[in-house]
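Below is a structure I'd like to ask you about.
Rule-based calculations on the coordinates, nothing more; no lab input. These numbers were taken from a predicted model, which means no experiment stands behind them. Here Cβ is always computed from backbone atoms with ideal geometry, including for glycine, and neighbour counts include all displayed protein chains.
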């Protein structure tokens, strides 16, 4: 696990549809209190993207730029993203993505669409 402050998020369909990502409140309160503006998301290859972060009422969300980041890095539903705080003054969050595998995705899709077993 990272030695710096971090959190993880499972990418849900709503996260992509709404083009927003809400961050865990505990992490936001401790590390993003007062942040309102653009921060940087850094992918594992070192490339950075500006993303709007708004902290309000103990919650933080990523909005403008988040969706573009997901598109450019092929982040999809079911992927797990680990966000590691690299810099706290000019906020930089490094993101490591653990991708959902086709096997796991096929398994989940099969079991979602399979009829419920009948009880006799």
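Any idea which residue in the range 16-42 is surrounded by the most Cβ atoms within 10 Å (Cβ to Cβ), counting only those that are in contact with a helix residue (DSSP H, G or I) (Cβ under 8 Å, 6 or more places away or on another chain) and more than 18 Å from residue 88 (Cβ to Cβ)?
Per the criteria, the residue is 21.
If I ask for residues that are crowded, with 16+ Cβ neighbours inside 10 Å and under 19 Å from residue 16 (Cβ atoms), which ones from the range 55-70 would you list?
Correct list: 60, 61, 62, 65, 66, 67, 69, 70.
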